[in-house]
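Undergrad: Okay, here's the structure, questions in a sec.
Derivation of every value follows stated rules applied to the coordinates shown; laboratory data play no part. These figures come from a predicted structure and were not determined experimentally. Note that we place each Cβ from the backbone using ideal geometry, even for glycine, and neighbour counts take in every protein chain shown.
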Amino acid sequence: MTLNELNTLTAESFIETFGSIYEHSPWVAEGVAPLRPFPTRAALISAMQEWVDRATDDQKLALIRAHPDLAGKLARAGKLTAESTREQAGLGLDRLSEDEYERFTSLNTAYRERFGFPFIICARKHTRASVLEAFERRLEHDEASEIGEAIRQIHDIARLRLHDAVEE
């Protein structure tokens, strides 16, 4: 979609089209729809990021919790969003051996038990090995640091999704 097309959508169509950029969180698209027209894709990305950054702590936690586990049960059952399916498949997380699946499951469980939300990483910027390293390293963080890191990763995911969806 071009910027011109994006800027001329009805608010409802804009939200429908961009409501999944931030995983299962159409409130982000709802919040920035009235800010159109956006002169550049970067302006749209910035507006969405600012909307999330100004959200309440509860909204941010809900956004984090809207994300699936990496290589988790939803992925195996084919119940991820199209975007998440593509992103996880890019790392081969849809083709893990049983041992690899168990390792991801163990790390997902440990992370959720420690922080109360899923581990989030921008899969498109990593290899399988670097994801596992990040899992181990981030399990040592405190909750506030991990909330901040999760939001940064979510912004990276959204930015890449917007680059795919919107032509400059």
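Undergrad: Could you work out which residue, out of Ala129, Ala150, Ala158, moves most in a Gaussian network model of the chain, that is, has the largest mean-square fluctuation with Cα springs under 10 Å?
TA: Ala129
Undergrad: In terms of the Cα gyration tensor, with a ≥ b ≥ c the square roots of its eigenvalues, is segment 3-56 rounded because a/c is under 1.5, prolate because a/b exceeds b/c, or oblate?
TA: Taking the square roots of the gyration eigenvalues as a ≥ b ≥ c, segment 3-56 is oblate.
Undergrad: May I ask for the longest run of the chain untouched by trypsin sites (Lys or Arg not before Pro) that are loop-located per DSSP and have at most 15 neighbouring C-beta atoms (other than their own) within 10 Å? Could the numbers behind the result be given before it?
TA: Numbers: sites that count: Arg54, Lys79.
It works out to 80-168.
Undergrad: Mind listing the phi-derived Karplus ³J(HN,Hα) values for segment 14-20, rounded to whole Hz, using 6.51, -1.76 and 1.60 with θ = phi - 60°, and x for any glycine or proline?
TA: Each residue's phi maps through the Karplus curve to give 4, 5, 5, 6, 10, x, 9 Hz.
Undergrad: Would you mind ranking Met1, Met48 by Cβ crowding within 10 Å, fewest neighbours first?
TA: Met1, Met48
Undergrad: Quick one: helix 143-165 against the long Cα principal axis of the chain, what's the angle to the nearest 10°, folded into 0 to 90?
TA: Long axis of 143-165 versus the principal axis of the chain: about 50 degrees.
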